[in-house]
Amino acid sequence: NPPSSAPLQPPPGSSASVAAAAAAAAAAASGSTQPLKLTYSETLDRIKEEFQFLQTQYHSLKLECEKLATEKTEIQRHYVMYYEMSYGLNIEMHKQTEIAKRLNVICAQLIPFLSQEHQQQVVQAMERAKQVTMGELNASIGVRGLPPLPPTQQLQAQHLSQHAAHGLPMAPHPSGLPHPGLALGGGSGLLALSGALGAQLASKDERAHLEAVAAAAAAEHHRGITNKIILTDRLTGLLTPGTELTSAVKMVLYFNRNPLAVQGAYPPGAFGLPPPGVNGELAGAAGYGAGLHLVSPQMNGSAAAAVAAAAAAAGYGRSPVVGYESPHPHMRVPGLPASLQSAASGKPAYSFHVSADGQMQPVPFPPDALLGPGIPRHARQIHTLSHGEVVCAVTISASTRHVYTGGKGCVKVWDISQPGSKSPMAQLDCLNRDNYIRSCKLLPDGRTLIVGGEASTLSIWDLATPTPRIKAELTSSAPACYALAISPDNKVCFSCCSDGNIVVWDLHNQTLVRQFQGHTDGASCIDISNDGTKLWTGGLDNTVRCWDLREGRQLQQHDFTSQIFSLGYCPTGEWLAVGMESSNVEVLHVSKPDKYQLHLHESCVLSLKFAYCGKWFVSTGKDNLLNAWRTPYGSSIFQSKESSSVLSCDISPDDQFIVTGSGDKKATVYEVIY
């Protein structure tokens, strides 16, 4: 064995060998020929030192990597948090913008009812309110803004802002999570966010800050609702103490103070406005701001038109008063804002045009569908007449003073000229005691009433005497009469019989003149054209038939897949509305093959009546609903839901009142509001 002091050659390729080679090269350059010699122990020491250096460097890099991973996790967590918050705040911003637009429309509606002096004050106050300076905005943010970030988060916020300055992308939502701001609405979305992210945030400061943010957003949401009440208080305060509020102003103020007074509120936002719906409309039978289309009689034409146009542009519905609700979110008014058009397109339409080849297309309602003279805004219940039996027939006198309700075995007469609780002023016992009255018709002079029902006789009552009495009875071979009609000259009466025949009676001579035969089952409904030349009848044989009264023959026949329960002929146009057992209302053109089909009733349509102006009509059904429609395309004007099936209806000759008879043994009188 060589002595331990003998020089060793370092292993080839080691750092020691490299160092030795470098030393040898340096010695050669200096002229020294003595080689650099390292022992084994020196070489091992050098290797150990290099290993320790590399190990230290590795640990340092590992710590740096862990630190970067922690920062990445923090950034991702904050990214998710701010992404969710941005969605919620964006929804809240749009919601507050919409609230401001609607409040502006309310002001425009109320201003015409104030005195000229107060109108100028309100307009000036509104203009001043719109002039918000940056100083005021900063002061408002300072008072009502979000709480400051905790100290531990300020550095991270700066860190995030630096990344944003370098173009940090807003990628799709991580992990495909739904956005609570979209699913729940602004305030509620942020409140849900605090619970969802609270479990993920390690820092108590972060959780406290997020909860404070959510609370602030919820406070802003609540403040948006109460702004309406503040506005109406201020508008009320502008009136002098002796000023008498008109009923229109009171109605607007009441419904702004009580956004939940009418059922059918706006979804989670709860601003009292119904959701956007079909055919480009907003709800017309329930929701926010009843009476928004009330226009002062003192306004000139241009001012009234401007207010109406502003209301239509803002997409406001025609709301009835307390007692009305909208089980259908389908009743709308044209003029839906562009921001809501996409939402509206997602709702099923209720009015369809059916072409000659059977193709159905949703009806695009014209801008003036629910505007203009003769088109009501809503109806107000003014009387309840407790008949005591199911009311199958109703009619109202031309003077609008008396209402006649037909129940079991009798017709009761009511005076509605005065307010207050009602009791019948007379009772006309007719038919048999246990048989229901199915139809009663009053001659225009108010002196004669014709009654038909579940009996083979018609009763003709003389109302001109101090005590009403039967002056004649008309007997046919049919066991029952389902409907009656009177000719325009008041000389002839037509009765729809349960055997399908249409019997024509001479009222002067009280004799049977003619019978129209064609229906193969009971004839259920009837109406006559204004010129008295055509008669329209519907039957339980699923047909509607038109009869020529001059020639005594059938002119047309329309076949359906459902029994016909009601119909009405438009007084001014060539349209016939038909109510069916299938719940549809169809509006037929009498000389063309096209028609409209309306789908708002949920059960059979039991009665139907056109207004005398011809611009609208009403239908009632087993679903407890009274619907008012625009002629002919069926834009829904208003809707009322009663407590039981609505079996019958009538409209006064001046189109100012509607009377309905229902299964809960009462009749209801509505005043039509224009």
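The values are calculated or read from the model by the stated rules, or taken from the named source; none is laboratory data. Quick caveat, the model's predicted, so the values are computed rather than measured. Here the Cβ positions follow ideal geometry from the backbone for every residue, glycine too, while neighbour counts run over all protein chains shown. When the accessible area is computed, the model is the full protein with side chains, heavy atoms only, and any ligands, DNA or RNA have been set aside. Shrake-Rupley method; radii C 1.70, N 1.55, O 1.52, S 1.80 Å.
Modelled spin-label separation between K101 and T533, with each label point placed 7 Å from Cα along the Cα-to-Cβ direction: 5.0 nm. Figure note: V123, V80 ranked by solvent-accessible area, largest first, 1.4 Å probe, ligands and nucleic acids not counted: V123, V80. Rounded to the nearest 10 square angstrom, I416 shows an accessible area of 10 square angstrom against a 1.4 Å probe. For segment 424-503, the square roots a ≥ b ≥ c of the C-alpha gyration tensor eigenvalues yield an a/c of 1.5 or more together with a/b not exceeding b/c, which makes the shape oblate. Computed with a 1.4 Å probe over protein heavy atoms only, the accessible area of S591 comes to about 80 Å². Ellipsoid semi-axes for segment 582-674, based on the Cα gyration tensor and the rule √(5λ), read 21, 17, 10 Å when sorted largest first. For the residue pairs K422/K622; K441/K666; K412/K491; K491/K534, the C-alpha atoms sit more than 21 angstrom apart in K422/K622; K412/K491.
Given a 1.4 Å probe and the protein chains as shown, K72 ends up with an accessible area of around 120 Å². Full extension of the chain between E71 and D548 gives 162.8 nm of extra length, using 0.36 nm per residue less the Cα-Cα distance.
Between the listed residues S386, H558, Q510, the Cα displaced farthest toward the positive end of the dipole of segment 351-673, a dipole computed from Cβ unit charges relative to the Cα centre, is found at S386. Dividing the radius of gyration of the alpha carbons in segment 364-506 by their Kirkwood radius gives 1.04 for Rg/Rh.
A convex hull fitted to the Cα coordinates of segment 351-673 yields 120 cubic angstrom per residue.
The residue among I416, M360, I486 whose Cα reaches farthest toward the positive pole of the charge dipole of segment 351-673, with charges on the beta-carbon of Lys, Arg, Asp and Glu, is I416.
Residue by residue, segment 633-642 carries 3J(HN,Hα) couplings of 7, x, 4, 6, 8, 7, 8, 10, 10, 8 Hz when phi is fed to the Karplus relation 6.51 cos²θ - 1.76 cosθ + 1.60 (θ = phi - 60°); x denotes Gly or Pro.
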